[in-house]
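S.K.: After the structure tokens below, expect a handful of questions from me.
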Amino acid sequence: MPRRQAWRRWRRSRPFWGGLLTVLAGLEICSIPLAPLEVMLHQGIAGVPSALLGIVMVTLGLSAWVAPHYRAMAGVVTTLIAAAALVMSNLGGFLIGTVLGIVGGAMMFAWQPVAKARPSA
């Protein structure tokens, strides 16, 4: 039971769900250009922005977990990159990556740490 409580305490001390959605969005956007070689040859140079946007989104999602005090900046940048992926990356991973990125960025930006309860005097 202590492991579960430690996991719950760690998860609640950072924007976990926003970071998770952002990582999933980045993986979705990245997965399209990393298709088999025949598909990539048809894409050409268009696959490069998809891979870069996806890698940056995964990095932002992980940074929200590692350094939660940068959550506001990571949330705003994630939302902007998700919107840019709509145009630059196969409709943002067929809209799934864009929607996950916008929701994840909003969740990271809106997350607030819970203040510790003070003992009453």
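The values are calculated or read from the model by the stated rules, or taken from the named source; none is laboratory data. Computed from a prediction, not measured in an experiment: that's the story for all the values here. Please note: Cβ atoms are built from the backbone with ideal geometry, for glycine as well, and neighbour counts cover all protein chains shown. The area values use the complete protein model at the heavy-atom level, side chains included, leaving out ligands, DNA and RNA. Shrake-Rupley method; radii C 1.70, N 1.55, O 1.52, S 1.80 Å.
S.K.: In the stretch 100-121, what count of residues is obtained for those that are closer than 14 Å to G19 by Cα, out of contact with any Lys or Arg (no Cβ under 8 Å at 6 or more places or on another chain) and not polar (S, T, N, Q)?
M.R.: Qualifying residue count for the region: 9.
S.K.: Listed residues A115, A46, A82, A106; which is open to solvent by 30 Å² or more (accessible area, probe 1.4 Å), closer than 29 Å to R8 by Cβ and either modelled with pLDDT of 90 or more or in a helix (DSSP H, G or I) (or both)?
M.R.: A106
S.K.: Right, next: Just one of the numbered conditions (1) outside any loop (DSSP other than H, G, I, E, B); (2) without any contact (Cβ under 8 Å) to a residue 60 or more places away in the chain is not true of G97; which one?
M.R.: (2)
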